[in-house]
Every structure is written in C-alpha cells, then in structure tokens.
1. Which condition number does residue 228 fail, the rest of (1) farther than 27 Å from residue 153 by Cα; (2) among the acidic types (Asp, Glu); (3) touching a residue at least 60 places away in the same chain (Cβ under 8 Å) being met?
2. Mind checking which pairs have a first residue in the range 302-313 that is at pLDDT 95 or above and a second that is in a helix (DSSP H, G or I) and of a type in the set (Ser, Thr, Tyr), Cβ under 6 Å, 6 or more apart or different chains?
3. Could we say that residue 109 is more than 16 Å from the chain's Cα centre (by Cα), farther than 22 Å from residue 49 by Cα and assigned to a loop (DSSP other than H, G, I, E, B) here?
4. When you scan the range 114-121, do you find a residue that is over 30 Å from residue 328 (Cβ atoms), touching a Phe, Trp or Tyr at 6+ places or on another chain (Cβ under 8 Å) and not in a loop (DSSP other than H, G, I, E, B), even just one?
5. Does residue 95 meet the test of being farther than 23 Å from residue 10 by Cα and either in contact with a helix residue (DSSP H, G or I) (Cβ under 7 Å, 6 or more places away or on another chain) or assigned to a helix (DSSP H, G or I) (or both)?
6. Give the number of residues within the range 164-190 that are of a type in the set (Ser, Thr, Tyr) and under 20 Å from residue 15 (Cα atoms).
7. Being in contact with a Ser or Thr (Cβ under 7 Å, 6 or more places away or on another chain), polar (S, T, N, Q) and crowded, with 22+ Cβ neighbours inside 10 Å: is that true of residue 299 here?
8. Evaluate the following for residue 206: is it within 24 Å of residue 292 (Cα to Cα) and within 20 Å of the chain's Cα centre (by Cα)?
Amino acid sequence: MNSDMRMTLTQFLIEERRRYPQAGGDFNSLLLNVALVCKRIARKVAAGELGDATGSASSVNVQGEDQKKLDVISNELFIEGNNWGGYLAGMASEEMEEPYQIPACYPQGRYLLVFDPLDGSSNIDVNVTVGSIFSVLRAPASDRPVTTADFLQPGCEQVAGGYAIYGPTTMLMLTVGNGVHGFTLCPQVGEFMLTHSDLQIPVDTHEFAINASNSRFWEAPVTRYVNECMAGKTGARGKDFNMRWIASMVAEAHRILMRGGVFLYPRDSKDPTKAGRLRLLYEANPIGFLMEQAGGRASTGRQPVMNVKPSALHQRIGLIFGSKNEVERLERYHNEPEQNDEPNPLFNERSLFRAPA
C-alpha cells in the first residue's frame, strides 16, 4: 500500500480514543511525544560516527555499567521531550538512580513513564540494531512529588508499552491493551505509518535465542530445554531448532513478533546476588506486555512476568518470552522435579562446542 494511503500513528491513536470516550487527550499526547523522541534518537543512531555520538561516555550508570555517549544523549532526549507536556507526574530510567521529578514550572499529569533509552547500546559501535523500550503507568492521585514506591506496580497495570527499533528501517511497536501494532517511520514525510496490524506470534516455533556461553551457570530446567532443542530430530522434541543471539533484546523481541521464536535470559548462578540480568520495570514488563497482547507468553520461568510485584526501581529478573507453547514448556520444566541425568549435547562430539581433548 502507498504510504499516502496508510494510517499515521496520530490517526491510529485518535481512532483508539474514540473507542473510549471518557479518555482524555493527554494519553495520546504522551505517546506522540514518546514517538517524537524516538525519531530524534533514530537520527542520532543513523548518523553514527558522523554525529560524534559513538563510543564511551567515560561514566557508569546506576547498574554499574559503562555508559555509551548515546545512552546519555538518548536519556536526555526522553526527559527533554516529555517533561513539559503536563501529562506526566514523573519518569524513571535505566540511566537514573532515582525517579525524575517534573519541574514545578510545568503541570503535573496522570501518568508515569519508565524507559530504557537505548537498549543494546554496547552494539552501537559495531552497527548492530538497537532500540528504546518504554512503559506507561498510571500515577497515584496526589499533588506530592513522586516517590520510588509510586513506580513499583506490576506489569499487568501498564496502560501502554512498546519499543522503537533502529535498524534498516525505524519502527515503533506499540500496545495500548488492544493488540500489538507496528508503525514504520516514513523518511519522506517524517511520520510513523501503520504497517503491521494486530500482530500474532505463532504458538509453535523452531527458533530459540540464548547466550550459550553462560551454559555452565544455567539452572537444570533451562539446560534440559536447550539440550532437547540441540538434539534436533533425533531427540525428544523430534524436530530441528535454530539458535539465535543478537545481544540486543529489542532486536530479539522484534524477530519474535515478526515470525515467532523464544528468547531466554533466565536467572542463573553467574552472580548469586542478582535475580537475573534484565530490569523488570522498563525492560521485562513492556516487552512482556507486547508478547501477551500478541498471543505469546512472558515468564520468569516460574510465573508470568507481569504478575511480579516490583520491590525496587531497578530490580532485575530472569525473563523468558515468545511463542506460547515453548514458554509454557519451560514453565513446566521449572515446576517438575529436577532431572540430573540429561546429557549435554553442547559439548558432545557432534555438538555446538567440542570438549577439549
């Protein structure tokens, strides 16, 4: 379809609002401003070295991770693009230790915005796909400054979630609780155009994504699952699987929304002080919301991720998401008695990795 005939993001949100006459326009304004921020970040990412925004920022964030220049720039763009509109009570980000307070010179709004401004930023310098992840929550009705406790809402209370992906094309994937819809940024008119309506993830798949270098730290149910996949047609599953790993969760989630698959970044024993690698509020919950709305499933391995009550702003968690039947299989494995007699095909003679002689 010609781009001139497609629905814009603005038109889509207006149509959605008409379904809920009691809704105010501030919700639409929030999402449109988030989209505008993502356009600006897309331009920065696309410029690469020409924009003098690659490389390290010579600083670390609250997670103790090295910040890239684009991490800092993207975080600033999210704040500058959303603090003035009158629809937010506060913001929280991977790059900020404490919640961001809306300046007193601006009206206070009804929503909270949480975000990872640039997921996968370690890939920037090698030109691999990255993205921005965001989640919208309702703010408590109060005229006081927001507190950390205000953000500690389970994912099932999100009113919107999505991500922008900066790849060969820039896309915005969005759910407002009525399915998942994809919008492609048209470079000619500078608008996000609806190109993918009501996406559905196949319930079965033959692709899985996991960082196999962490196999020695996995819990038994994850090892069992990966071993079965690696065994292929001659194993218990009776079919061959392909393994993927991009090290950019946005890119992994996008592939799964487009064609199915399962992504695993489970809890493991690599660092016993951490319950997982991914952050619950601004990574796991919005991605989980998208997956569930597209007919997939998102889980810690033991329970639906969106049922987890957060206990800290930057809480980490194990995450498994994608095709429903595969995620449910992993949940069953976590709930069954541990099996210790599984061979490890990752290191057998005909395996992904040969054992040392």
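The values are calculated or read from the model by the stated rules, or taken from the named source; none is laboratory data. What you see is a predicted model, and the numbers here were worked out from it, not measured in a lab. When we count neighbours, we look across all protein chains shown, and the Cβ atoms used for this are built from the backbone with ideal geometry, even at glycine.
1. It fails just one condition, (3).
2. Close Cβ pairs (under 6 Å, with a partner that is in a helix (DSSP H, G or I) and of a type in the set (Ser, Thr, Tyr)) amount to 313/148.
3. yes
4. yes
5. yes
6. So the answer is 2.
7. Answer is no for this residue.
8. no
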